[in-house]
Every structure is written in C-alpha cells, then in structure tokens.
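Student: Below is the structure I would like to discuss, written out as structure tokens.
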Amino acid sequence: MPAEGRPKDSEARAGEARGAQTADAESALRDAEAAVCDAVSAPDAEGKPRRTTRRFPRITRDTARPEGGGRAAPGDAPAPARQWPILAVLSAVGLGLLLTAFDVFRFGTILIGAALLAGAVMRWMLPSVGMLAVRSRFTDMLTYGVLGGAIVLLAMMAQPNPWLEIPFLDDTLHFTVR
C-alpha cells in the first residue's frame, strides 16, 4: 500500500511544483507588463498614457482612437443618436444614390458630393463626431473635402448640357483623344 501511495505523492508534488512555476511566471509577466517602457500607447480608462518611451512596442495590444472619435451625444442616448454625424452623411449619400437610380443623375451626384463636403465641415467644426472620425482630423477633412469637391465638379461638368465648362480641359482632350 505505501508503494502505491508514493507515486501519487510524487505526482502531487510535481503538480504543485508546476503550479508554483506557472504562478511565478504569471506574476513575472504581470510585473513586466506593469513596467512597460515602450512607445506611448492609447490612453487607458483614466486617460493616462501607459507607456513612456518613444520606442515602438514589440507587441501591439491596441489602436488609438482618432481624435474626435468619441460619441457625438451623451453615453445614455440611444445608439443612433450617438452617431448622428455619420448617419446624416450616409442618409444624404443614400438619397443621392436613389435620385441617381431614378435618372436624376446631376442632382443625385451633386447631393453625394455635398454630403461628403458636409462631412468635412462637421469633422472640422464638431469636437466629437463618432464613427465619422476615421483618421486624424486633418486627413479626414482633406479626404472628405477633395472627394466631395471632385464629385460636385464632375457632376456639374457632365454631358449633356454641362453647367460648368472649363476651357483648358477641351484643349487637353483635343491633344489626347481627338
């Protein structure tokens, strides 16, 4: 009987030793994470950056939200109200696509471009725009503004009977295609 008890005792001791090693490794890992000295990361729940040096972290654990990417309405508001800027832009784009589908091409595409321009203005004026914030404020404004302006200009120059004629484009077309 004692012979049978010895292997169980040794197995139990080995299991305890493995458990102690695992606990030591986990506590060492927690201590190492607490003393991380990599590049400044996204702020934690209290708003303080967790890392202090300018080195890039070896392991990326999170991504910083774009500036202005917070809720556009208080947290107790319903979800659609918190994201009203992106919903306004998407609704106007959807209406523009619907107009374009019903053969009101020029007004539909101008509405799409105007919606993007309105997104650029909202990104510039409002401190928090929710999911309308994708990149930095400058990059978002530039992207929305250039795309919206290009769509409006192209809609105004569309044939037949363009509302806007740019003379040098006709000359450029003459040298390249005609």
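The values are calculated or read from the model by the stated rules, or taken from the named source; none is laboratory data. Remember, predicted model here, so these are calculated numbers, not experimental data. When we count neighbours, we look across all protein chains shown, and the Cβ atoms used for this are built from the backbone with ideal geometry, even at glycine. With ligands, DNA and RNA removed, areas are computed over all heavy atoms of the protein, side chains included. Shrake-Rupley method; radii C 1.70, N 1.55, O 1.52, S 1.80 Å.
Student: So which chymotrypsin sites (Phe, Trp or Tyr not before Pro) in the range 88-127 are both in a DSSP loop and have at most 10 other Cβ atoms within 10 Å of their Cβ?
Tutor: Passing both the DSSP loop test and the Cβ count: PHE102.
Student: Using 0.36 nm per residue, how much length does the chain from ASP76 to VAL134 gain when fully extended, once their Cα-Cα distance is taken away?
Tutor: 18.6 nm
Student: Could you please put LEU90, LEU169 in sequence from largest to smallest accessible area, using a 1.4 Å probe?
Tutor: LEU90, LEU169
Student: If a paramagnetic tag sat 7 Å from the Cα of ARG65 along the Cα-Cβ line, which residues of the range 90-127 would have the backbone N under 14 Å from that point?
Tutor: Residues 127 qualify, since their backbone N sits under 14 Å from the label point.
Student: Taking R0 as 41 Å, what FRET efficiency do you get between GLU46 and MET125 from their Cβ-Cβ distance, rounded to the nearest 0.05?
Tutor: Between GLU46 and MET125 the formula returns 0.90.
Student: Want the number for THR176 to ASN161: 0.36 nm per residue separation, take away the alpha-carbon distance, what's left?
Tutor: 3.2 nm
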